[in-house]
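K.L.:
Here it is, the structure in full.
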């Protein structure tokens, strides 16, 4: 089924067109995704959801310019993505993405200074602003080894958003956290989005997380990843988890991902 055409809708900010990704395994090419297409609009919270090995992290890397498609393209503002850039900042799952010899403030300032678009005083002011926004103002002079996993992820988010990217890329950023910290981080992320309306491309393998973080969800089939469906999920938030509607939506997604996994991709654009 072709994507719905909405009259008067603006052009996508980020566009994937028939993206096929491959990795080399010796003399053999291993296909990660097959002809994946989707559009991300300004202010979207767009989630890539699928089982392990379906290529969702690879798609995020390709959107960031870290991986070149075997065929197809990613476009940002109509221009083909060919390399990483500060307009696409990434937050990964690993907690060791912060140089341990730098304080929280120095970590957040570093990409601002490296980009050479701000002076040191301006970079410090912006970094302190975002450190405060993620609730770590008291830890600006702390080193990463003194922080919990959740606090390190807050620093990574502050560092990314301080760059004022067009798209924030997040690859299962809360997967390694305990359940309570993960919930807190989901709350923090949605609160930040409510305040600043940045554009988010978010990867997860958790159906429940996809529903509460995203307003649109792209379901990917098992390896190699193909589009199974695109779902609207803007009606759900962190308070929706116990509702019958939320549980029914989660069951429907589970069915699309797994119960019908042997079927051909449906590539539907549907509301839950």
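Please treat every number below as a calculation from the coordinates, not as lab data. Keep in mind that this is a model prediction, so the values were computed, not measured. All Cβ positions, glycine included, derive from the backbone under ideal geometry; neighbour counts span all protein chains shown.
K.L.:
So if R0 is 41 Å, what FRET efficiency would residue 252 and residue 180 give, r being the distance between their Cβ atoms, rounded to the nearest 0.05?
P.N.:
Taking R0 as 41 Å, the efficiency between residue 252 and residue 180 is 0.90.
K.L.:
Follow-up. Per 5 Å bin, what is the whole-percent P(r) computed from every C-alpha pair distance within the range 177-261?
P.N.:
The distribution over the range 177-261 is 3, 13, 24, 25, 18, 12, 4, 1, given as percents.
K.L.:
On the Cα set of the range 97-164, report Rg and Dmax in Å, please.
P.N.:
Spelled out, the Cα radius of gyration and Dmax of the range 97-164 are 10.6, 31 Å.
K.L.:
If you don't mind, another one. P(r) tail for the range 41-191, what percent of Cα pairs lie past 27 Å?
P.N.:
Roughly 24 percent, rounded to a whole number.
K.L.:
Now, a different point. Per 0.36 nm of contour for each residue apart, how much would the distance between residue 113 and residue 143 grow if the chain were fully extended, relative to their Cα-Cα spacing?
P.N.:
Gain in length upon complete extension: 8.9 nm.
K.L.:
Just to verify a number: FRET efficiency for residue 125 and residue 11, C-beta to C-beta distance, R0 = 45 Å, to 0.05? Please report the intermediate quantities before stating the final value.
P.N.:
Details: r = 33 Å, r/R0 = 0.74.
After rounding to 0.05, the efficiency reads 0.85.
K.L.:
May I ask you to compute the full-extension gain from residue 28 to residue 243, defined as 0.36 nm times their residue separation minus their alpha-carbon distance, rounded to one decimal in nm?
P.N.:
Fully extending the segment from residue 28 to residue 243 adds 72.7 nm.
K.L.:
Taking N as the number of residues in the range 1-124, what is its alpha-carbon radius of gyration divided by 2.2 N^0.38 Å?
P.N.:
Taking the Cα Rg and dividing by 2.2 N^0.38 Å, one obtains 1.28.
K.L.:
How much length is gained on full extension from residue 206 to residue 164, taking 0.36 nm per residue of separation minus their Cα-Cα distance?
P.N.:
Extra length from residue 206 to residue 164 when fully extended: 12.4 nm.
K.L.:
Counting only helical runs of four or more DSSP H residues, what would the 222 nm mean residue ellipticity of the chain come to if each run contributes -39,500 (n - 2.57) and the total is spread over all its residues?
P.N.:
-9500 deg cm²/dmol
K.L.:
What is the angle, in °, between the Cα long axis of helix 179-196 and the longest principal axis of the Cα atoms in the chain? Nearest 10 is fine, range 0 to 90.
P.N.:
The helix 179-196 is inclined about 80 degrees to the chain.
K.L.:
Eigenvalues of the Cα gyration tensor times 5, then square-rooted: what semi-axes does that give for the chain, in whole angstrom, largest first?
P.N.:
Square roots of five times the eigenvalues give 31, 22, 18 Å.
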